[in-house]
Amino acid sequence: MLKYVSIFTLCAVPLVLSGCKSKAQIEAEQAALKAEQDKLQGKWKLASRSGDDDEDAPEPNSYYVIEGDIMRFVYLNKDGKEDVFVRQKLALTVDKEPKQLDLTYVDDAGKPITTTDKIRSRGKTKTKTTALKNVAIYQFDGDKLKICISYDEKKRPTDFTAPKGSSRYVLTLEKMK
């Protein structure tokens, strides 16, 4: 009996490590992710912004650009040239409802922008480096994209509201032609 248990254990470990997903399941998930990424591509005009801060009005001459997995918030300056205000790398989770989005701040080269904190514990000082990021949910409605973003990466929104004290805001973007 012990001989059969050990053989079963040896056979089960690879299944557990692979997440028990078939090749077809993995391919379907990758296709769904690619389809979502494709829908996000392009220029998006800010139709509205509401939230737990004082930036409720859309900025004139500004828009979002999503290329690949990078989203840029762009202003057109007086000369008509693009000035990038912020860049974020997008990480999508499409198998949740609502769909989830992690937005990691990145520099011009696409490297994460980090913050370093010194933490004192038990008389010792440790340095902790973390990437700056926001967590969000999103949904499409025709040519509109609604995103609810939380400033607190430990509190992902569950709905598309941004009440006072929630540390989040809602963007409604319209696809530019």
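The values are calculated or read from the model by the stated rules, or taken from the named source; none is laboratory data. Keep in mind it's a predicted model, so treat the numbers as computed, not measured. Note that each Cβ is placed from the backbone with ideal geometry, even for glycine, and that neighbours are counted across all protein chains shown. For accessibility, only protein heavy atoms count, side chains too; no ligands or nucleic acids. Shrake-Rupley method; radii C 1.70, N 1.55, O 1.52, S 1.80 Å.
Kindly check whether there is at least one residue in the stretch 58-68 that is on the phi < 0 side of the Ramachandran plot and in contact (Cβ under 8 Å) with a residue 60 or more places away in the chain. Yes, the stretch 58-68 contains at least one residue that is on the phi < 0 side of the Ramachandran plot and in contact (Cβ under 8 Å) with a residue 60 or more places away in the chain.
Using the structure shown, decide if Gly142 is open to solvent by less than 80 Å² (accessible area, probe 1.4 Å), under 19 Å from Lys43 (Cα atoms) and not β-branched (Val, Ile, Thr). Considered against the rule, which asks whether it is open to solvent by less than 80 Å² (accessible area, probe 1.4 Å), under 19 Å from Lys43 (Cα atoms) and not β-branched (Val, Ile, Thr), Gly142 comes out as yes.
If the condition is being assigned to a loop (DSSP other than H, G, I, E, B) and over 24 Å from Leu145 (Cα atoms), then the stretch 74-113 contributes Asn77, Lys78, Asp79, Gly80, Lys81, Asp107, Asp108, Ala109, Lys111, Ile113. The listed residues are Ala47, Ala32, and the only one of them that is in contact (Cβ under 8 Å) with a residue 24 or more places away in the chain and in contact with a Ser or Thr (Cβ under 9 Å, 6 or more places away or on another chain) turns out to be Ala47.
Which one of Lys128, Lys133, Lys43 is among the basic types (Lys, Arg) and within 30 Å of Gln25 (Cα to Cα)? Talk me through it step by step, then tell me what you get.
Values: Lys128 fails: within 30 Å of Gln25 (Cα to Cα); Lys43 fails: within 30 Å of Gln25 (Cα to Cα).
It is Lys133.
Number of residues in the stretch 157-166 that are of a type in the set (S, T, N, Q) and open to solvent by 50 Å² or more (accessible area, probe 1.4 Å): the value is 2.
Here the stretch 33-59 is the region considered, the condition is being among the aliphatic types (A, V, I, L, M), more than 16 Å from Leu92 (Cβ to Cβ) and at pLDDT 70 or above, and the residue that is nearest to the chain's Cα centre (by Cα) is Leu46.
Would you check if there is a residue in the stretch 72-79 being of a type in the set (S, T, N, Q) and either closer than 16 Å to Thr172 by Cα or surrounded by 14 or more Cβ atoms within 10 Å (Cβ to Cβ) (or both)? Looking through the stretch 72-79, none of the residues is of a type in the set (S, T, N, Q) and either closer than 16 Å to Thr172 by Cα or surrounded by 14 or more Cβ atoms within 10 Å (Cβ to Cβ) (or both).
Criterion applied to Tyr138, Tyr105, Tyr75, Tyr64 was being among the hydroxyl-bearing types (Ser, Thr, Tyr) and in contact with a Ser or Thr (Cβ under 8 Å, 6 or more places away or on another chain), and the one residue passing it is Tyr75.
Can you pull out every residue in the stretch 137-167 that is assigned to a strand (DSSP E or B) and in contact with a Cys (Cβ under 6 Å, 6 or more places away or on another chain)? Can you show your working first?
Keep residues of the stretch 137-167 that are assigned to a strand (DSSP E or B), which gives 137-141, 144-150.
Hit for the stretch 137-167 is Ile137, nothing else.
Of the candidates Ile113, Ile137, Ile147, the single residue that is over 19 Å from Arg87 (Cβ atoms), of a type in the set (A, V, I, L, M), modelled with pLDDT of 90 or more and surrounded by 14 or more Cβ atoms within 10 Å (Cβ to Cβ) is Ile137. Among the conditions (1) within 18 Å of the chain's Cα centre (by Cα); (2) free of Cβ contacts under 8 Å to residues at least 24 places away in the same chain, Ile137 misses just one, which is (2).
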